[in-house]
Amino acid sequence: MGGAVEPSGPGLQSWPEVGTHLNGTVRHALQSDDARAQELIDELGVAHAELVRDGATPERAAQMDALCIRARRWLDHRNHAFTELGKLCGELTGSLADLAEDDSWAQGQCEAMSQTLAQGLTARSVRSVSELLHGTRERQHSLREERGRARDALKGLINRMLQELGELGQHTDRFSDSVGKYATVIEQADSLESLAGVVREMVEESRSVQSLVQNTQGRLRDEHDRATQLAGRVEQLEGELRRLSSEVQTDQLTQVANRRGLIATFETERAKLERDPKPLALALLDIDNFKKLNDNLGHAAGDEALKALASRVSGMLRPGDKVGRWGGEEFVLILPEAPLEEAQAVLLRLQRSLSASLFMHEGRDVFVTFSAGVTLFRGNETMEQALDRADEALYEAKRTGKNRACVA
């Protein structure tokens, strides 16, 4: 046993290659900024090089076993960190929901985040929750600004109303003082002419006060109406946010299905599969270099790209197919009764159609490409699990040059 361990059996020539692949896979899994992980990667590389160069011995086998144990421990620790991170995200989401107002749009988004996280912490779920948080923050910011303007306007109205009432009070106080003076003058009057003069002054001053009261009442009514309109505007905005969260299944920008509409379509198709099992393909599309497009041409051009792509894809699908905007620059295709090869062919046709200009911006042609990942739905999984697998294929398409469609 002290000598080299000679492997035996068929396929001997393939073992070095298998060992190289396994070593590369383990080292890839350990990729991290953590110094311990980098140390393990280096030691595994050295140990494998020695194993390939000098052959297997019990000592090298023990060394490799010890390195693998350390690698498993580190990976277990990282998985534990991911689990704890998922719990933290869930707690933060729950806290946001508690802070949100009853039936508010933010509360609806928090519930959507919780449902996404409940399906497991993956790259897709983290990205989806990030997009939901970004959308929630923007909506809440808009609502806070609207409320702030309404609050400031109401404060101004109240101050003006108090000022009006104060001025009215001063005038009525002066009128009361004048009435007392008039009473004294009337008592001391010794002729009809002097009484007539006092009466004329009283009538003129009472008319002046009456006019002031009427004008003040009119202004107060107008300001009350404005305050009511402002309060109604805030209520309308809150209602619109709730409606967007709970009812609408169409993306407002692109006019294709939104996340809620896609989920509803998927549930319908899954129910059909229970009665009549057939292939159901799901594809994930992501516009290439979208951030660069936004930075170079502006967000208006980015919006145009999203709308133009949605329109182009919608126009090229079969009647039973469905396209929707999942979030950001990401779209989902639901392709019933489409085998994997056929679904990939659909994506390739769409990509070829974009060889011409997608839309015009400020008199210039704008060309857009997308990368895609496609997979077949498996009956015992959720939509998110299927899309997570498609996301792996999408990542492969991005990594290998973009403007491609890979399968998973």
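The values are calculated or read from the model by the stated rules, or taken from the named source; none is laboratory data. Note that this is a predicted model, so its numbers are computed, not measured. Quick reminder, even Gly has a Cβ in these numbers, built from the backbone with ideal geometry, and neighbours come from all protein chains shown.
Asp365 falls short on exactly one of the conditions (1) farther than 16 Å from Leu285 by Cα; (2) in a loop (DSSP other than H, G, I, E, B); (3) of a type outside the set (S, T, N, Q), and that condition is (2).
One residue stands out among those in segment 345-390 that are in contact (Cβ under 8 Å) with a residue 60 or more places away in the chain and among the polar types (S, T, N, Q): the one that is nearest to Ile263 (Cα to Cα), which is Thr382.
The single condition from (1) modelled with pLDDT of 70 or more; (2) part of a helix (DSSP H, G or I); (3) over 30 Å from Gly218 (Cα atoms) that Ala56 fails is (2).
For segment 285-300, indicate whether the set of residues that are among the small types (Gly, Ala, Ser) and over 20 Å from Tyr395 (Cα atoms) is non-empty.
Yes, because at least one residue in segment 285-300 is among the small types (Gly, Ala, Ser) and over 20 Å from Tyr395 (Cα atoms).
State whether one or more residues within segment 320-336 are among the basic types (Lys, Arg), touching a strand residue (DSSP E or B) at 6+ places or on another chain (Cβ under 9 Å) and either surrounded by fewer than 17 Cβ atoms within 10 Å (Cβ to Cβ) or not assigned by TED's automatic domain parsing to the domain that holds Ala271 (or both). Taking every residue of segment 320-336 in turn, none turns out to be among the basic types (Lys, Arg), touching a strand residue (DSSP E or B) at 6+ places or on another chain (Cβ under 9 Å) and either surrounded by fewer than 17 Cβ atoms within 10 Å (Cβ to Cβ) or not assigned by TED's automatic domain parsing to the domain that holds Ala271 (or both).
Pairs linking a residue in segment 263-276 that is in contact (Cβ under 8 Å) with a residue 12 or more places away in the chain and not assigned by TED's automatic domain parsing to the domain that holds Glu381 to a residue that is surrounded by 15 or more Cβ atoms within 10 Å (Cβ to Cβ) and assigned to a helix (DSSP H, G or I), with Cβ atoms under 8 Å and 6 or more positions apart or on different chains, do not occur. Here Glu330 meets the list (1) more than 26 Å from the chain's Cα centre (by Cα); (2) in contact (Cβ under 8 Å) with a residue 24 or more places away in the chain almost entirely, failing just condition (1). Mind listing just one residue for me: the one in segment 289-299 that is in contact (Cβ under 8 Å) with a residue 12 or more places away in the chain and assigned to a helix (DSSP H, G or I) and, of those, farthest from the chain's Cα centre (by Cα)? Ranking the candidates gives Leu297 first. Scanning segment 377-405 for residues that are within 30 Å of Ala271 (Cβ to Cβ) and over 26 Å from the mean Cα position of the chain (by Cα) returns Arg378, Gly379, Asn380. Taking segment 368-387 as the range and being of a type outside the set (A, V, I, L, M) and surrounded by fewer than 21 Cβ atoms within 10 Å (Cβ to Cβ) as the test, the residues that pass are Thr369, Arg378, Gly379, Asn380, Glu381, Thr382, Glu384, Gln385. Residues that are part of a strand (DSSP E or B), touching a Pro at 6+ places or on another chain (Cβ under 9 Å), farther than 25 Å from Phe359 by Cα and at pLDDT 90 or above: does segment 321-330 have at least one? Within segment 321-330, not a single residue is part of a strand (DSSP E or B), touching a Pro at 6+ places or on another chain (Cβ under 9 Å), farther than 25 Å from Phe359 by Cα and at pLDDT 90 or above.
Conditions (1) under 40 Å from the mean Cα position of the chain (by Cα); (2) modelled with pLDDT under 80, marked per residue:
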{"site": "Val5", "(1), (2)": "no, yes"}
{"site": "Arg27", "(1), (2)": "yes, yes"}
{"site": "Ala35", "(1), (2)": "yes, yes"}
{"site": "Gln38", "(1), (2)": "yes, no"}
{"site": "Ser95", "(1), (2)": "yes, yes"}
{"site": "Ala100", "(1), (2)": "yes, yes"}
{"site": "Asp103", "(1), (2)": "yes, yes"}
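Name the residues in segment 368-398 that are among the polar types (S, T, N, Q), within 17 Å of Asn289 (Cβ to Cβ) and part of a strand (DSSP E or B), would you?
Hit for segment 368-398 is Ser371, nothing else.
All of (1) out of contact with any helix residue (DSSP H, G or I) (no Cβ under 7 Å at 6 or more places or on another chain); (2) surrounded by fewer than 22 Cβ atoms within 10 Å (Cβ to Cβ); (3) not in a loop (DSSP other than H, G, I, E, B) hold for Ser355 with one exception: (3). Residues in segment 247-256 that are touching a residue at least 12 places away in the same chain (Cβ under 8 Å), of a type in the set (Val, Ile, Thr) and surrounded by fewer than 19 Cβ atoms within 10 Å (Cβ to Cβ): Val248 alone. Go through the residues of segment 274-294 one by one and say whether even a single one is modelled with pLDDT of 90 or more, farther than 20 Å from Phe370 by Cα and acidic (Asp, Glu). Among the residues of segment 274-294, not one is modelled with pLDDT of 90 or more, farther than 20 Å from Phe370 by Cα and acidic (Asp, Glu), which makes the answer no. Closer than 26 Å to Cys406 by Cα, in contact with a Phe, Trp or Tyr (Cβ under 8 Å, 6 or more places away or on another chain) and crowded, with 18+ Cβ neighbours inside 10 Å: is that true of Arg259 in this structure? So Arg259 fits the description; yes. With respect to the conditions (1) farther than 30 Å from Asp276 by Cα; (2) modelled with pLDDT of 80 or more, Arg364 lacks only one, and its number is (2).
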